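Structure record follows, encoded as structure tokens.
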Amino acid sequence: MGYWRIDSDALAGSRFVVSALAETTAALMALQRRTAAHPGDRAWLADRLPPYRAHLAADPVAAHLVRAALGRLWIADHLTPPPDGRPFEEELEPIRATPDAAVRTYLRAASGALPEELARARGLGPRTAELLEWVWTEAVRPDWERRRRVAEADILLRTAQLSRGGWAAALSGMRPNMAWLGEGRLRINLQDRPPRELSGAAGLVFVPVTPPHGWVAWRGAHRHALVYPAEGQLAQPGTAALPGTAAQPGTVAQPGTVALQGAGTPPGPAAPQALVRLLGPVRARVLVLLASPKSTTQLVALTGLSLGAVAGQLKVLLAAGLILRRRTGRTVLYSRVAAGDVLVSAATGPDG
């Protein structure tokens, strides 16, 4: 079992960050493994996969690089430096500066044998950075604002879980097989690896990404990161792959999420009839969806309503004291408060 032993000072100094590089690396994994968590991701994958394949076909060294770097149980270290939330190009620089000898060592650790093309090639660090730049420019940056909002919503959710239930509530379930074991031990995965000791100023960051992929990363004893799939996306439980492909181990959508479905079918969980009779169908549905923080844009996508209609329902729910409004970065998020939880729970109980 792989776990980290984290002392109280390291936990106290930890933080959540949004990273464009981590999002891009997760998108690269989704493209390479052809995995998608929900219909929106499947549409993105179908749109971006042909140009991605064409790009690799035109650059065989990059194709060998990504295949070797993404091992079954290990990812090459140079591909995943611990993110810290700096601008994309600044976070990319350590990858670009990695010497060829170090890249080859990392690739062997990830996938075993090293292809002859990579044994002869030069500038492997810069070529890895160039591939990530292509993924960022062509596949992530056009949709970055939405992705960033989802990550910020997850951070707000985790922060609320932390305040209510401590680290066990905030960290358990971030990734498959991950759990807070108590006594300062965080289980990372089920692999048989030596534990890592994180103490004092260990520089521990938690980084949500929207694709269904996650990993851990560290540099020395003072920079550690745990990248994990964000909750609260428009996804259904389980991970879907394109026809003819297999979902990779660990690529599962987070629990408690809902799916975009066909026209005319309300996506996500239906509102209880007792709640519908009390609040009306639209307002009841919005309240049910706010079990986890969501932006107005997300609610529009989930309900199929206009922006003005959603804003009107939120205004009424706010005035009734059933939800709260918070700003995180440049995004405004809405979520249920205790009164709203009680109302939904009562409506879904035996009497409801």
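The values are calculated or read from the model by the stated rules, or taken from the named source; none is laboratory data. Nothing here was measured: the structure is a model prediction, and the numbers come from that model. FYI the Cβ positions are ideal-geometry reconstructions off the backbone, even for glycines, and counts take in every protein chain you see. With ligands, DNA and RNA removed, areas are computed over all heavy atoms of the protein, side chains included. Shrake-Rupley method; radii C 1.70, N 1.55, O 1.52, S 1.80 Å.
Tabulated values for the structure
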{"item": "Fluctuation leader among Pro211, Pro99, Pro176 - the chain, Gaussian network, Cα springs under 10 angstrom", "result": "Pro99"}
{"item": "Compactness index (Cα Rg / 2.2 N^0.38 Å), the chain", "result": "1.05"}
{"item": "Sparsely packed trypsin sites (Lys or Arg not before Pro) within the stretch 49-119, loop by DSSP, other Cβ within 10 Å at most 16", "result": "Arg72"}
{"item": "Within the accessible area of the stretch 57-140 (1.4 Å probe), percent carbon and sulfur", "result": "54 percent"}
{"item": "Ranked order, Thr128, Thr159 - accessible area, probe 1.4 Å, largest first", "result": "Thr159, Thr128"}
{"item": "Sites Ala311 and Ala43, calculated FRET efficiency, Cβ-Cβ separation with R0 25 Å, nearest 0.05", "result": "0.45"}
{"item": "Relative contact order, percent, the chain [alpha-carbon distance under 8 Å, six or more residues apart]", "result": "22 percent"}
{"item": "By accessible area with a 1.4 Å probe, ligands and nucleic acids excluded, highest first: order of Thr297, Thr303, Thr210", "result": "Thr297, Thr303, Thr210"}
{"item": "Rounded D (µm²/s) - the stretch 300-339, Kirkwood Rh over Cα pairs, Stokes-Einstein at 4 °C, 1.567 mPa s", "result": "119 µm²/s"}
{"item": "Net +/- balance of residues flanking Arg223 in space, Cβ distance below 15 Å, scoring K and R +1, D and E -1", "result": "-2"}
{"item": "Computed label-point distance, nm, for sites Trp144 and Ala320 using a 7 Å Cα→Cβ extension", "result": "4.0 nm"}
{"item": "Per-residue ³J(HN,Hα) for the stretch 153-159, Karplus 6.51 cos²θ - 1.76 cosθ + 1.60, θ = phi - 60°, Hz, x for Gly and Pro", "result": "5, 5, 4, 4, 4, 5, 5"}
{"item": "Dipole magnitude of the chain about its Cα centre (Cβ charges: Lys, Arg +1; Asp, Glu -1), debye to nearest 20", "result": "580 debye"}
{"item": "Average accessible area per residue (Å²) across the stretch 1-160 - probe 1.4 Å, nucleic acids and ligands excluded", "result": "40 Å²"}
{"item": "Convex hull volume per residue in cubic angstrom - Cα atoms of the stretch 48-114", "result": "116 Å³"}
{"item": "Using alpha-carbon coordinates, inclination of helix 60-69 to the longest axis of the chain, degrees", "result": "70 degrees"}
{"item": "Over the stretch 129-169: Rg over Rh, Cα atoms, Kirkwood Rh", "result": "1.26"}
{"item": "Percent carbon-and-sulfur accessible area, the stretch 156-213, ignoring ligands, DNA and RNA, probe 1.4 Å", "result": "50 percent"}
